[in-house]
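Worksheet: the structure to be examined is printed underneath.
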């Protein structure tokens, strides 16, 4: 489940860490009081993974990348579609006064977008990330309602955890490549 190029794994760690921190932050909107320390810890660990991934990306910048003109264009298309779908869903949910469903909608779009990215970037790790974030999106609302929890807390926690584990795995593949091959 490793990336073809070390730089790509390092950059993935940086991006996954940054977004994991964002999801933990979203969970902090109105979490149960007992979750606060764990969510803050997750956010800090995610930021540390992002910084480490950024430094490693810089150190391995000349080591090659799966990105070329075609890959970059296709990556932009996938991310562009993701942003448009997320934005349209947010607009629709907001106009229907269902802002509580915005986090799981974004979570679903994010999860689904990892499927084409896994193939495009030739990074098999993104397949389980895609599955786990997509499943989290589908279970977050019923889980939150069954446990009388804020939906944003559940979606933020679940997605933050998946992305943080992905970031850590990516860092491990860079720092100890023999361990993951």
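Evaluate the following for residue 162: is it crowded, with 24+ Cβ neighbours inside 10 Å, modelled with pLDDT of 95 or more, closer than 14 Å to residue 23 by Cα and under 11 Å from the mean Cα position of the chain (by Cα)? Outline the logic, then answer.
Details: crowded, with 24+ Cβ neighbours inside 10 Å: yes; modelled with pLDDT of 95 or more: yes; closer than 14 Å to residue 23 by Cα: yes; under 11 Å from the mean Cα position of the chain (by Cα): yes.
When the stated conditions are applied, residue 162 passes them.
Limited to the range 78-114, what total is found for residues that are within 18 Å of the chain's Cα centre (by Cα) and more than 22 Å from residue 135 (Cα to Cα)?
1
Take the residues of the range 131-153 that are assigned to a helix (DSSP H, G or I) and in contact (Cβ under 8 Å) with a residue 40 or more places away in the chain: which is surrounded by the fewest Cβ atoms within 10 Å (Cβ to Cβ)?
Here is the first cut: in the range 131-153, the ones assigned to a helix (DSSP H, G or I) are 131-146, 151-153.
Those still in the list that are in contact (Cβ under 8 Å) with a residue 40 or more places away in the chain too: 141, 151-153.
Details: 141: 18, 151: 21, 152: 23, 153: 22.
Checking each candidate, the answer is 141.
Collect the residues in the range 1-10 that are under 13 Å from residue 62 (Cα atoms) and surrounded by 23 or more Cβ atoms within 10 Å (Cβ to Cβ), keeping them in residue-number order.
8, 10
Can you tell me which condition residue 100 does not meet? The list is (1) at pLDDT 95 or above; (2) surrounded by fewer than 16 Cβ atoms within 10 Å (Cβ to Cβ); (3) outside any helix (DSSP H, G or I), and all the others hold.
Unmet condition: (3).
Somewhere in the range 56-66, is a residue under 20 Å from the mean Cα position of the chain (by Cα), modelled with pLDDT of 95 or more and surrounded by fewer than 12 Cβ atoms within 10 Å (Cβ to Cβ)?
no
The values are calculated or read from the model by the stated rules, or taken from the named source; none is laboratory data. None of the values given here were measured: they were computed from a predicted structure. As a convention, Cβ positions derive from the backbone with ideal geometry for all residues, glycine included, and neighbour counts pool all protein chains shown.
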